[in-house]
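Heads up: the structure comes next, in C-alpha cells.
The values are calculated or read from the model by the stated rules, or taken from the named source; none is laboratory data. All of these numbers come straight from a predicted model, not from anything done at the bench. Note that each Cβ is placed from the backbone with ideal geometry, even for glycine, and that neighbours are counted across all protein chains shown.
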Amino acid sequence: MPAAAQGIGMALHELTTNATKYGALSNRDGRLNIDWTVTAAPEPAFSMQWRESGGPEVVVPSRKGFGHKVIGRMAEAAVDGSVEIDYAKNGLCWKITAPAANILEGASVPPPISRE
C-alpha cells in the first residue's frame, strides 16, 4: 500500500501544480471536484476522479514531459491499475482505477443491501 499512496500522492501533487498554473485553480471562477468510489462487482475496485471546471479553456499539451509520466504511467504502476486523462475544453478530467486490494488495506466490500 505505501507504493499506492506515494504514486497517487505524487499524481495529485502534479495535478494540483498544473491546475494552479494553467487550469481551474488559476482563476477565481475555477472549481475542482475530487471523488472516489469502491465497487464490488465483479471484483472490488477503487476509482478516484479529479475533475476541473470553470478555468481557462484546456489545451492538449504539445509535449509530454515528466509531469505526464507522473500522472500516467507512474500512477498506473504504483497501483497496478489504469489512468484515463481527458483534456476536455471545459476542464481536465483524470481518473485512476485499480483493484481495491492494491490500494486499501483489508479491502473488502460489503454485499449489496437487499431491498425487498
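So here's what we get for this one:
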| read-out | value |
| --- | --- |
| Looking only at segment 22-44, and only at residues there that are without any contact (Cβ under 8 Å) to a residue 40 or more places away in the chain and more than 18 Å from residue 88 (Cβ to Cβ), the one that is nearest to the chain's Cα centre (by Cα) | 36 |
| Test result for residue 96, modelled with pLDDT under 95 and touching a helix residue (DSSP H, G or I) at 6+ places or on another chain (Cβ under 7 Å) | no |
| Segment 14-64, residues that are among the acidic types (Asp, Glu), crowded, with 18+ Cβ neighbours inside 10 Å and assigned to a strand (DSSP E or B) | 52 |
